[in-house]
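These notes are about the structure you will find just below.
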Amino acid sequence: SNGTLAVLPCAAGAALLWRRACRPKGFKKVPRLRGQRLFAAATTSSDVVGEEGETAVRVLPQKSIFMVVFLHLLGFTMGGPILPALRDHFGLEATKTGLITSAFPLGMFAAVFIFPYLSDVIGRKPVLVVSYLGVGTGLALQAAAIHLGMSFGTFLALRVFTGAFAGATTVVKAYIADMSNRESLPRCMAYREAAGTLSYIVGPTLGGLLFSLTCLPFVVLFSGLTSIFAACWTAVFLRAPPSPHTAAGTRIPAATAEEELAADKSSFPWIAVAATIGVHFLYNFGQAFFDGFFAVLCAERFGWQPAVLGPMLTAVACLVFFNSTFLYSKVVRSLGLVRTANLGLLLVTAGLACLGASTNAFMVPVSVLFYAFGVPYFTPSIPTLLAQSSPSSRRGLVLGVDSAVSTIARIISPVVMGLLYHRWGPASTFRCASIFPLAGAGLMVFQHARLSQV
């Protein structure tokens, strides 16, 4: 069938990402960093370690983490095609349809802050397992509510409950940072973005295919099972990252730990971290407007139907996947991390501005091309900068604050820019939206010296 044929290239992409993530050059002999030294002491025998204090350590996290990211996000992306079916099932008016999509972020707002902070205290792995299990259980309960004909209010409450466990994405970033060294971290973050993008390619196709073959409750249940499977895989196969406070099962004396904590506080680059989070806020403000109004602009200005928009958005996702997997690491090696992020912001700015200025359909692919190159150059760079600037004991907290601030931008932007879109029209509003990533690029230039030192 056509649906099966559409899934085959996506499966090939998944296999390609898996192979790239665990290629041999990702593992080499390197001097042990703090934390890696402690991990080596716990996992290797003393006769393996040489006199220079070096040992073969992994500079890439386990390849399983990328599959876990894919499986977890696959459940979310499968829900796109079934939104009209949910609306019909509950008999919703157009004004209430948005509650389905807004209920999940409402619960997620606290999760993206609380779960990363907990991972600093009790460890990344147990928090990931709880998060994946909570999301999977919540989706399974939503499927039961649909099957049993429960009220729309009950369904919304379950959506909020599910979102309250959705803090794994930020914890995964912290996990990857804990398991990577400085050189490999940008590439690992890019692979995480590629795994997420691949789920956005596969998920809608798979969700639509399952809906055509089965029923609405089964699609929701299957999306929950992917998260439950991710939780089981994490619990069984994913290795816990090294703890900077223990070695071979022996805790470092409290005095030493307090001295390290005091040193971390005195050397913490507060200004650079705050600037990076501010840049991320500005980017998300503009990017959320693109996500919400790109299809609206194309439909109103050019009369494009979903049959045209769907393949275009899929092509954009494929291009983002290609850039994340193959080009991002090369660009970082050539330009450096800060300049790569700045390049991404400028490309996103150009894409938004060109969409506002487009008077014919031929300009849309050009605008989308700018956007599809800008997003994969920027999005892995921000968590990399934040992870490199934060000690392991605070990494989850810093990334959690960043996620919470970005969530605020994604909540505010569609509302504010939607009002401007209604008053000014698409051309002026898209040009206005391009100001936000441009301002982020200016802030990065202004703080370039501090960010480069991170």
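Taking every protein chain into account, the accessible area of the range 289-401 amounts to 37 square angstrom per residue (probe 1.4 Å). All other residues with a Cβ under 13 Å from the Cβ of Gly351 taken together, and with Lys, Arg as +1 and Asp, Glu as -1, what is their net charge? Cβ neighbours under 13 Å give a net charge of 0. Working from label points 7 Å from Cα in the Cα-to-Cβ sense, the Thr359 to Arg87 distance is 3.3 nm. Applying Stokes-Einstein at 4 °C and 1.567 mPa s to the Kirkwood radius of the range 339-410, computed over alpha-carbon pairs, gives a translational diffusion coefficient of 95 µm² s⁻¹.
What is the ratio of the Cα radius of gyration of the range 79-190 to 2.2 N^0.38 Å, with N the residue count, to two decimals? Dividing the Cα radius of gyration by 2.2 N^0.38 Å gives 1.28. If every alpha-carbon in the range 374-454 counts as one equal scatterer, what log10 I(q)/I(0) does Debye give at q = 0.26 1/Å? The calculated log intensity ratios at q = 0.26 Å⁻¹ are -1.30. Summing Lys and Arg as +1 and Asp and Glu as -1 over all other residues whose Cβ lies under 14 Å from the Cβ of Phe211 gives a net charge of 0. May I ask for the net charge around Thr170, where only other residues with Cβ less than 15 Å from the Cβ of Thr170 are counted and Lys, Arg are +1 while Asp, Glu are -1? With Lys, Arg at +1 and Asp, Glu at -1, the neighbours total +3.
If you take the beta carbon distance between Ile122 and Ala315 as r and set R0 to 60 Å, what does 1/(1 + (r/R0)^6) give as a FRET efficiency, to the nearest 0.05? Approximately 0.90, to the nearest 0.05. Extending 7 Å from the Cα toward the beta-carbon at both Gln305 and Ala235 defines two label points whose distance is 4.8 nm. Are there trypsin sites (Lys or Arg not before Pro) in the range 156-237 that DSSP puts in a loop and that have at most 15 other Cβ atoms within 10 Å, and which ones? Answer in residue order: Arg182.
Shape class for the range 271-388, computed from the alpha carbon gyration tensor (a ≥ b ≥ c): prolate, with a/c not under 1.5 and a/b above b/c. Here the Karplus curve 6.51 cos²θ - 1.76 cosθ + 1.60, taken at θ = phi - 60°, turns the phi angles of the range 294-300 into couplings of 4, 5, 5, 4, 5, 6, 6 Hz, with x standing for Gly and Pro.
Report D for the range 160-224 in µm² per second (integer): Stokes-Einstein, Kirkwood Rh on Cα pairs, 10 °C, 1.306 mPa s. In µm²/s, the coefficient rounds to 112.
Solvent-accessible surface of the range 99-217, averaged per residue with a 1.4 angstrom probe and all protein chains in place: 36 square angstrom.
Taking the highest mean first, how do the peptides 439-448, 366-375, 382-391, 149-158 order by number of other beta carbon atoms within 10 angstrom per residue?
Packing order, densest peptide first, comes out as 382-391, 366-375, 439-448, 149-158.
The values are calculated or read from the model by the stated rules, or taken from the named source; none is laboratory data. It should be emphasised that the depicted structure is a prediction, and the values quoted were computed from it without experimental measurement. Note that we place each Cβ from the backbone using ideal geometry, even for glycine, and neighbour counts take in every protein chain shown. Accessible surface is based on the protein model in full, side chains and every heavy atom, while ligands, DNA and RNA are left aside. Shrake-Rupley method; radii C 1.70, N 1.55, O 1.52, S 1.80 Å.
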